[in-house]
Each structure stands twice: as C-alpha cells, then as structure tokens.
Amino acid sequence: MTAVTVGARPLFGRRKTRNPLVIGLLRHALLIGVLIVMLYPVIWMVAASFRPSAEVMNSLGLFSKNYTLDNYRHGWSAGQLNFSRYFVNSVAITALSIVGNLVSCSLTAYAFARLEFPFKRILFGVLLATMLLPYHVTLVPQYILFNELAWMNTYLPLVVPKWLGVEAFFIFLMVQFIRTLPRELDDAARIDGCGHWRTFSRIIMPLALPALGTTALFTFIASWNDFLGPLLYLNRPELWTVSLGLNSFLDVTGESAYGSLFAMSTLALAPIVGFFLVAQKLLIEGVATTGLK
Amino acid sequence: MKNTRTGREGLTAYLFLSPWLAGIVLLTLGPMLYSAYLAFTSYDLLSAPRWIGLDNFRRMFTADPRYLSSVKVTLIYVVVSVPLLLIVSMVLALLLNKGIKFLSGYRALFYLPSLMGASVAIAVLWRQMFGSTGLVNQVLGLFGITHGSWVGSPGTALWTIVTLNLWAFGATMIIFLAGLRQVPAELHEAAAVDGAGPIRRFFSVTLPLMTPLIFFNLLLDTIHAFQVFTGAFVVSRGSGGPADSTLFYTLYLYQQGFAELKMGYASAMAWVLVIVLAAFTGFLFLTAKRWVYYGDER
C-alpha cells in the first residue's frame with residue numbers, strides 16, 4: 001500500500017511540473033498566432049500605404065525598396081476637396097460631441113446619484129430603457145425634425161443630441177461612479193455652505209475624473225467613427241467628415257487607387273490608435289467595469 | 001419644513017436634469033410617438049403624411065421580397081455571428097486567464113480592433129482584403145487555391161461582414177476576462193480535489209458563475225448585431241449587394257427612408273425592429289431565472 005503511493009508519487013509530480021511549461025508555451029503560441037491573423041491586415045495596409053501603387057496589389061509582404069509618400073500626397077488632395085478639410089470637420093464635431101456629453105451626462109448623473117426628486121424611480125427606469133432602445137426608431141422622425149428646423153448641412157443634428165444627454169450609457173456609468181463616492185464629502189461641503197451646484201462642480205466632478213475620462217474617450221471613438229449620422233445630415237463636401245471623405249474617395253477612385261485609399265485610411269485610424277496608446281488602461285478598465293463597447 | 005426642503009431639492013434636481021429631460025422629450029419620446037404615427041402613413045417629406053392604415057406592414061410581409069430578404073440576411077447574421085463572437089471571446093478569455101505573462105499586452109492588442117471595427121477605414125480594408133486580388137486570395141494562392149472575389153459573390157459576401165464583426169471581439173473578451181478573475185480559486189481547487197478535470201471544472205464551476213456576464217454580452221451583442229450598418233454599407237457600396245446578400249435590415253431601412261424618401265415605410269420597419277428586439281429582450285429576461293446564476297443572495 002505504502003509502496004504503491006511512494007512509487008506513484010514521482011510520476012504524478014513529473015506530470016505536474018512538465019505540463020505547465022508545455023501548456024504555457026502552447027498557449028502563447030496560440031495567442032500570438034491569433035494576434036498575427038488579426039492584426040496583420042492592418043499592418044499590411046499601413047505598409048502598403050507607403051509603397052508605390054503598382055506594388056500594393058501584388059505583394060503579401062511588408063517591405064519594399066521603394067517606400068514613398070506619393071500615396072499620401074495624392075490621397076490628401078484627391079476627392080472633391082482635400083482631406084485637411086475633412087480632418088478639421090471631424091475634429092470639430094468630435095470635440096463638440098465630447099464636451100456636450102460630458103456636460104449633459106454629468107449634470108444628469110449628479111441628480112440621479114445625489115438628489116431626491118419626484119418621479120425619480122420612473123425617470124431612472126426611462127433612462128435604463130433608452131439604453132436598450134435601437135436608434136432606428138428615432139432615426140426617421142429626428143431626420144424630419146432636423147429637416148423642419150433647417151439643420152440640414154449643419155453640425156447641429158450631430159452635436160445637439162449629445163448636449164441633451166441622449167447617450168444614456170454614459171449617464172448610467174457616471175451614476176454608478178458617483179454612487180461610490182462617500183456621502184460625507186457632500187455633507188462636509190454643505191456644512192461649509194456649498195449649494196448643490198458648488199458640490200457638483202467643486203467636489204463631485206474633480207473626483208469623478210476617471211468616469212469623465214472614460215466618457216470622453218468613448219465619445220471620441222464613437223464620433224470619430226460615426227458614419228450614418230454624417231451620411232444623413234451632411235451633403236455638402238465642405239462639411240464632410242473623414243469617414244464620409246473616405247467613403248466618397250472609394251466611389252471616385254474605385255479599385256484603382258488602393259495605395260492612396262490605404263494612406264487616407266491609415267490617417268483616419270491614426271488618432272484612434274494614438275488615443276489607444278495613451279489611454280489603453282482607462283479604455284480597458286472602462287470596458288471591464290461597465291461593459292461599454 | 002422637511003417638505004419645503006425636499007421641494008427645493010426637487011427643483012434643483014430638475015434643473016440638473018433639464019438638458020436630459022429636453023432630450024428625452026424632444027429627441028426620444030416625441031420622435032418615437034411621431035414615428036409610431038408615421039408607420040401608418042405614406043409620407044415623402046414633400047406632401048403631408050397620408051393615413052394608410054396597416055398597408056405598410058401588409059406590404060412588408062406580403063409584397064416586398066427585398067424586405068423579407070433583409071430580414072433573412074439579418075437573422076442569419078445574428079444567429080451566426082453572436083454565438084461565434086461569444087465563443088471566441090470566452091475561449092480567448094480562458095486562455096488569458098490563468099496568470100499568463102504579458103497579460104496586459106495581450107489584452108490591449110486583442111482589444112484594439114474593437115475600437116476600429118466600426119470605422120469606414122477598416123471597411124475599406126475589408127473590401128480590398130476580400131476582393132478578387134485581395135490579401136485573402138493572395139494568401140490562398142500560396143497554397144494553390146484560387147477563389148473569386150469574396151465580397152463580389154452572393155454566397156460569401158455576408159461572411160465577410162461576419163468576420164468583420166468577429167474581428168472586433170476584444171471588448172466582449174475583456175468583459176469575460178474581468179468576470180473570470182472573480183471566480184474564486186477555492187471552488188476550482190475543491191472541484192479538482194473531488195476529481196474534476198479542467199473541462200468538467202469549466203462546465204460545472206466557471207460557466208455557471210459566468211452566466212450573468214454571458215447574459216449581458218448576449219443581450220448587448222445581439223442588439224448590436226441587429227443594427228450593423230457601416231461595414232455593410234461601405235463593403236457593398238450602399239447597395240446591400242451582390243444580389244441583396246448583404247442587405248442588412250438597417251441598410252434597407254436607410255435605402256427606403258432616405259434614398260427613396262418612404263418615411264412611413266421606414267418608420268414601420270423601425271417599429272417592427274423595436275418590437276422584435278423588445279420581445280427578444282423580454283424573452284431573455286424571462287428565461288434568465290432558469291439559467292443565470294445570481295450568487296448566494298437568493
């Protein structure tokens with residue numbers, strides 16, 4: 001009996017020490033393989049954007065002896081207007097959207113998290129329900145409304161909704177965050193004579209910076225990538241965003257100029273990757289803790 | 001005394017809420033009611049809406065084959081891509097879970113596509129990649145396989161959009177990963193002592209504890225999948241082609257509403273979608289009692 005146990009032990013032990021190493025290596029190999037498959041197309045696109053057009057379509061690799069900026073030069077001034085205009089427009093819309101979301105969502109969240117008022121539960125239910133509401137149902141009537149208001153070919157249809165807190169997810173995120181802040185802070189502020197406005201602006205907002213940062217980042221990405229909104233409301237090329245510019249560029253050049261298309265696509269993605277590099281921790285925590293997508 | 005204080009606090013609260021309330025009334029509830037009315041009318045923006053009763057709905061289900069094919073395309077897409085997304089996310093989250101080196105690096109790189117997946121730039125890349133001389137066919141060429149354009153053939157175009165959606169699985173994976181890290185190690189150890197292997201432990205310990213997050217991701221990814229637009233629009237150049245094989249619901253709604261100015265019909269389509277999604281959400285919440293584990297509090 002004892003002999004069997006002793007005899008069995010080394011075998012058991014060896015299996016336990018060798019397996020983790022092999023499994024670990026296999027795991028890394030698998031993960032790296034998946035990453036390569038996922039990211040290679042994007043890396044290839046960036047490399048292709050620096051290669052002469054003739055090389056773009058017939059090469060799987062990344063390297064070339066003839067790297068050039070021609071695609072960028074050609075792409076930047078192609079289309080009906082040049083991309084500098086589209087970038088300025090995208091930056092303007094995105095910036096106005098971010099500020100709008102921060103202001104409207106934080107005000108709303110403070111009320112839900114800290115104040116008592118009639119119909120609070122019902123209104124909070126409305127807030128949660130709008131988070132799941134597909135945007136289609138307001139797409140047509142909003143279009144009619146903005147058309148009646150003569151807001152076509154202005155940025156108002158894209159920006160005003162943000163200032164009116166239509167992105168309920170961010171409100172919910174901030175409500176959850178503010179609820180974690182100790183109430184004693186509010187009480188202390190009240191004793192010092194702060195009203196709700198001062199408590200909100202001087203106490204709660206500075207402490208809610210992580211939630212504000214998450215909101216700003218995700219609003220940036222959503223506005224920068226937005227395609228349907230600008231497609232509906234911006235018909236004049238001088239108002240177009242980068243997304244619309246790229247889309248029309250594809251119409252104009254078709255398959256013939258993938259070099260310049262890739263160059264402009266690379267530039268369109270650059271701000272997103274830039275913010276990702278700077279703030280990936282905040283982004284990933286935002287997803288992990290709130291389920292933002 | 002107390003009443004006046006709560007009264008004043010209520011007033012302050014409504015001041016704080018005023019932008020949001022204006023948005024709810026003017027941009028959400030009001031438009032919803034208006035579109036519910038429009039769903040029973042014929043309206044082209046130029047002349048006043050004309051009441052036509054249930055004609056829009058009747059046409060949708062009996063006289064509009066393109067509508068039915070958009071329903072079919074969207075349903076296939078949802079049924080295939082959502083489970084695929086959940087499984088891939090779960091498998092990768094499991095691979096990343098157990099104290100792996102470079103975790104934050106992996107996590108970040110897997111997440112990056114989630115930020116870019118909805119962009120026109122990536123859709124442009126997808127259109128090239130799955131074109132007749134694109135990257136995919138060049139890779140297949142190395143193995144001596146020749147294939148026509150993937151985006152240009154009705155049999156495969158939808159699958160290019162499925163891969164585009166799958167490519168952005170990172171956000172779902174991160175949510176799963178956050179959940180996996182909450183699974184108490186003692187439970188695994190106890191199960192291991194009882195002789196459960198890794199697969200048995202996954203199905204009997206991990207999976208039940210993950211059901212709240214599976215529920216959450218299933219709900220959001222499904223709603224999200226019903227609304228896919230940019231990728232399909234850019235890849236098919238707004239047509240939903242070839243042969244309507246990528247005519248997603250939202251794309252067809254866009255064509256009907258904003259290219260053909262059939263505002264009534266598009267509103268009716270939107271309401272059908274709302275009702276379907278509400279039914280799906282309700283169904284999910286009703287069945288949740290049976291399969292979602294809410295911890296020991298019950």
Mind telling me which of B:ILE87, B:ILE214, B:ILE145 comes out most flexible in a GNM of chain B, alpha-carbon contacts under 10 Å? B:ILE145
If I model a spin label as a point 7 Å beyond the Cα along the Cα-Cβ vector, how far apart are those points for A:VAL37 and A:TYR67 in nm? 3.0
Those chymotrypsin sites (Phe, Trp or Tyr not before Pro) in the stretch A:58-101 that DSSP places in a loop and that have at most 14 other beta carbons within 10 Å: A:PHE63, A:TYR67
Given only helices, namely DSSP H runs of n ≥ 4 each adding -39500 (n - 2.57), what is the per-residue ellipticity at 222 nm of chain B, to the nearest 500 deg cm²/dmol? -21000 deg cm²/dmol
Using amide H atoms built 1.01 Å from N in the peptide plane, name the residues 5+ places from B:SER119, or on other chains, whose amide H lies under 5 Å from its own. none
Give me a comma-separated list of calculated 3J(HN,Hα) values for the stretch B:234-246, in order, Karplus coefficients 6.51, -1.76, 1.60 applied at θ = phi - 60°, integers in Hz, x for any Gly or Pro. 5, 5, 9, 6, x, 8, x, x, x, 6, 6, 6, 10
Highest GNM mean-square fluctuation among A:ARG121, A:ARG236, A:ARG27, for chain A with Cα springs under 10 Å, belongs to A:ARG27
Give me A:GLU55, B:GLU186 ranked fewest to most by other Cβ atoms within 10 Å of their Cβ, as a rough exposure proxy. B:GLU186, A:GLU55
Could you tell me the distance between the Cα centroids of the stretch B:239-298 and the stretch A:178-248, to the nearest Å? 28
For every other residue with a beta carbon closer than 12 angstrom to the beta carbon of B:SER104, add +1 if it is Lys or Arg and -1 if Asp or Glu, then tell me the sum. +2
When A:CYS194, A:CYS105 are ordered from fewest to most other Cβ atoms inside 10 Å of their Cβ, what list results? A:CYS194, A:CYS105
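Can you give the local net charge around A:LEU217? Use residues other than it whose beta-carbon is closer than 12 angstrom to its beta-carbon, Lys and Arg +1, Asp and Glu -1.
Net charge in that neighbourhood comes out at 0.
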Explain nothing, just the number: relative contact order of chain A, from Cα pairs under 8 Å at least 6 residues apart, as a whole percent. 29
Would you please give the residues with an amide H less than 5 Å from that of B:THR41, counting only those at least 5 places away or on a separate chain, with H modeled from the backbone geometry? B:ILE52
Tell me, what is the percent relative contact order of the stretch A:75-202, built from C-alpha pairs under 8 Å that lie six or more residues apart? 40
Sum up the charges of everything whose Cβ sits under 14 Å from the Cβ of A:GLY245, counting Lys and Arg as +1 and Asp and Glu as -1, but leave A:GLY245 out. -1
Unit-weight point scatterers at every alpha-carbon of chain B, Debye formula, q = 0.11 1/Å: log10 I(q)/I(0) is -0.89
Note on chain B: contact order normalised by length, alpha-carbon pairs under 8 Å, 6 or more apart, percent, works out to 27
HN-Hα J couplings of the stretch B:96-105 from phi, Karplus 6.51/-1.76/1.60, θ = phi - 60°, integer Hz, Gly and Pro as x? 8, 6, 7, x, 7, 6, 6, 3, 5, x
Candidates B:ALA22, B:ALA279, B:ALA39, ranked by Gaussian network fluctuation over chain B, Cα under 10 Å, top entry: B:ALA22
Cα gyration tensor shape of chain A, rounded if a/c is under 1.5, else prolate or oblate by comparing a/b with b/c: oblate
Under the Karplus relation with 6.51, -1.76 and 1.60 and θ = phi - 60°, whole-Hz ³J(HN,Hα) for the stretch B:166-177, x at Gly and Pro, equal 5, 3, 9, 7, x, 5, 4, 4, 5, 5, 4, 4
Let's test the formula: R0 of 60 Å, r as the Cβ-Cβ distance of A:LEU207 and B:ILE145. What FRET efficiency results, to the nearest 0.05? 0.55
Within 10 Å, at most 11 other Cβ atoms, and a DSSP state outside H, G, I, E, B define an exposed site. Report the longest part of chain B free of exposed chymotrypsin sites (Phe, Trp or Tyr not before Pro). B:144-293
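FYI, it's all coordinate maths here, none of it is from the lab. Keep in mind it's a predicted model, so treat the numbers as computed, not measured. Cβ: placed from backbone, ideal geometry, glycine included. Neighbour counts: every protein chain shown.
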